[in-house]
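Engineer: I am attaching a structure below and will ask some questions about it afterwards.
None of the figures in this text is laboratory data; all of them are computed from the coordinates on show. Computed from a prediction, not measured in an experiment: that's the story for all the values here.
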Amino acid sequence: MKEVSTKEVKGHLAQDKDEAELSKLMRLAQGGDSQSYRQALLKMREMLSKYIRNSFRRFRIPAEDSAEDVLQEVLLAIHQKRETYNPEQFFLPWMYAIARYKVIDFLRRSKVALRSTVSLDDELENLENLMVFESDSSLDADKLIDLLPEKQKKILLLVKIEGLSMEEASAKTGYSVSDVKVTVHRAIKSLQEKVQEKVQELEKEVPREDR
């Protein structure tokens, strides 16, 4: 079972600015608006470039030309599958699912010797959820992370900042791999709850007649 599913960030996705922007652009693009599609591609290129490079760094793979090659493969796949996107669903999970498949395909084609025993799917899906959380700067992610219990904060920063795999974080902290996975899961869930609390606080500040 995956440690952190895409569904678990559903609440945050509903508030995410990138999600709102890309969903809107793709709906317009599917209606024949070529300008909206070009804007969506530019936005996706920016986000996916970061995702792919972070994925490579996570598995200790030099980015260089390979990251750009994978990026082009992902953008091409999105272009070919763009009509399969359901505008009634969130866009980012759809986009990242395609990117995850292409990254895993590259790693397997390259026969990369992975240091982690945790599955590629689990590693990359946790990375996606962290990136979805970070995508809205108005939520001040760093301050929210500081509110986490020390153990959750320490392990999340090892995974988030240093890009360690679950196994490497386990070796560095002395906790078991399963303990690290559970801690990351709880940390992200706690952050999601804090995001919702922050959103509710902001909603209370809006005058009733402006809602």
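Engineer: Please list, in chain and number order, the residues 5+ apart from L148 or on another chain whose amide H is under 5 Å from its amide H, with Hs placed from the backbone.
Structural biologist: Correct list: empty.
Engineer: With θ taken as phi - 60° and the coefficients 6.51, -1.76 and 1.60, list the Karplus ³J(HN,Hα) couplings across the stretch 43-49 in order, rounded to whole Hz; mark glycine and proline as x.
Structural biologist: 5, 5, 4, 4, 6, 6, 4
Engineer: Please list 3J(HN,Hα) in residue order for the stretch 168-179, calculated via the Karplus relation 6.51 cos²θ - 1.76 cosθ + 1.60 where θ = phi - 60°; whole Hz, with x for glycine and proline.
Structural biologist: Each residue's phi maps through the Karplus curve to give 5, 5, 4, 5, 6, 9, x, 7, 5, 4, 5, 5 Hz.
Engineer: Right, another one. Between L164 and residues 5 or more places away or on another chain, which pairs have amide H atoms under 5 Å apart, with H built 1.01 Å from N, and which residues are they?
Structural biologist: V159
Engineer: Extension gain K24-L41, at 0.36 nm per residue separation less the Cα-Cα distance, in nm?
Structural biologist: 4.8 nm
Engineer: If the chain between S176 and D33 were fully stretched, how many nm would it gain, using 0.36 nm times the residue separation less the Cα-Cα distance?
Structural biologist: 46.4 nm
Engineer: Please go through the residue pairs K81/K143; K81/K181; K43/K151; K102/K151; K43/K194 and name each one whose alpha carbons sit more than 30 Å apart in this structure.
Structural biologist: Exceeds cut-off: K81/K143; K81/K181; K43/K151; K102/K151.
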